[in-house]
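Everything below concerns the one structure shown next.
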C-alpha cells in the first residue's frame, strides 16, 4: 500500500522503532518545575486528587494533561495567576488563553468552599 510506511518501499515516512506517545511538553522540565513551584506539588500518599472536570473548560483530556504535569487538586488550580496561566499555555500549547478566560482559578476556589 503506497504511503502507509509499511515498509521502506511504500513511504518516505518511517516510524522510528523507539517512537513513543510522550507529549512534547513532558520534556519541558524547567517550565513544569516553575509552574509546580507556584502551585505546589501533589503527594498521593497524603492527598486525594480532585475531579478537575468539575471546572468549566476542563474536559477529561485536559484533566489528563493537567495530571501529567502534576496538577491534581482544586487547591493547586486555585493558585493560578496570569503567570501560571501563561506557563501552562507555553507547556501545553493547547488553546492559549482558555484557562484564564474560563477563570479556572476562580472556579476552583468556589469548589473548595
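The values are calculated or read from the model by the stated rules, or taken from the named source; none is laboratory data. No experiment lies behind these values; they were computed from the predicted model shown. All Cβ positions, glycine included, derive from the backbone under ideal geometry; neighbour counts span all protein chains shown.
Confirm whether residue 35 is in a helix (DSSP H, G or I), surrounded by 11 or more Cβ atoms within 10 Å (Cβ to Cβ), out of contact with any strand residue (DSSP E or B) (no Cβ under 7 Å at 6 or more places or on another chain) and modelled with pLDDT under 90.
Yes; evaluated as a whole, the condition is true for this residue.
If you check every pair at least six apart or on different chains, which have Cβ atoms under 6 Å apart with a residue in segment 83-99 that is surrounded by fewer than 16 Cβ atoms within 10 Å (Cβ to Cβ) first and a residue that is modelled with pLDDT of 90 or more and not in a loop (DSSP other than H, G, I, E, B) second?
Within 6 Å, the pairs are 96/89.
Looking at the structure I just gave you, is residue 69 modelled with pLDDT of 95 or more and within 15 Å of the chain's Cα centre (by Cα)?
So residue 69 fails the test.
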